Amino acid sequence: MDDLRYEDAAEAEYKLLEKVRSESFRELFDAKIKILFDLRKKSSGGKIVLAKIYKTNELIRHLTLENLDHLTMGTDLIIFIDKLFWSLVEEIDKIRVLRHELRHVDYCPEKKFSYQLIGHDVEDFESEIRLNQDDIGWRKRVAELTLLAYQQREEQEKEEKKNAKKVAKESMKKDESNLHEVFEQKK
Ligand SMILES: [Zn+2]
């Protein structure tokens, strides 16, 4: 069986999300947001993707209903976060990422689905660039950190595979020598 790709975030992530939401995104107070860790490395345009926000559809909203009475709504938005990245950085960078993702949400109460997604011209939103002025290179810094950790992990996995092969080979040799012994005893 394939390994599972996603993992549910824990209370700590939701707490941080609530902090960010109450400080900077009051208009999204009613949005049902789920956070999922993505365990797989992803790239887009040659760059590592650290997080992504996704607008759900009717099917996912139905499948994520908490009560089947349809009085409560299902998940409106899902924030995907690279788990390795998340394990490496300080809270301030986590906040930056959550803020960036929520910045993609446009609240449109007049529409059938009140949460639409918007893009940004450059790599970030102007408002975010202003807020992160104390550390303008933060994204590059955390991306490099994450890439390095992935590299280390890949090397470690290669090494483990190599060792496993070696162990298998040795145990095969052992089997062969046992075989010799058996033959010798028979003689
Ligand atoms: Zn973005």
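Read the figures in this text as sums done on the coordinates, not as results from a lab. Since this is a predicted model, take the numbers as computed values, not measurements. In this analysis, Cβ positions are derived from the backbone assuming ideal geometry, glycine residues included, and neighbour counts consider all displayed protein chains.
Order by neighbour count: W86, W138, fewest other Cβ atoms within 10 Å first, most last.
Final ranking by Cβ density, sparse to dense: W138, W86.
Among the aspartates and glutamates, which fall within straight-line cross-link reach of K15, defined as a Cα-Cα distance under 13 Å, with same-chain neighbours fewer than 8 residues apart omitted?
E23, E91
What pairs in K94/K158; K52/K111; K34/K55 have C-alpha atoms more than 19 Å from each other?
K94/K158; K52/K111
Using only the Cα atoms of region 6-135, construct the convex hull and provide its projected area averaged over every direction, in square nanometres to one decimal.
8.9
Mind checking the alpha-carbon convex hull of region 80-167 and giving the volume per residue in Å³?
Here the figure is 135 Å³ per residue.
Nearest 0.05, what FRET efficiency do I92 and N178 give at R0 = 45 Å with Cβ-Cβ as r?
The computed FRET efficiency comes out at 0.15.
Cut-off under 17 Å on the C-alpha distance; same-chain residues fewer than 8 positions from K47 excluded. Which aspartates and glutamates are left, in chain and number order?
Result set, ordered by chain and number: D38, D82, E101, D121, E123, D124, E144.
Percent relative contact order of the chain, based on C-alpha pairs within less than 8 angstrom and at least six residues apart?
Rounded, it is 18 percent for the chain.
Full extension from K15 to D135: what is 0.36 nm times the residue separation minus their Cα-Cα distance, to one decimal in nm?
40.8 nm
Running Debye on region 12-51 with equal point scatterers at the Cα sites and no solvent, what base-10 log of I(q)/I(0) appears at q = 0.15, 0.26 Å⁻¹?
-0.52, -0.87
Measure out, as a whole number of angstrom, how far apart the alpha-carbon centroids of region 93-147 and region 1-42 sit.
The distance from the Cα centre of region 93-147 to that of region 1-42 comes to 14 Å.
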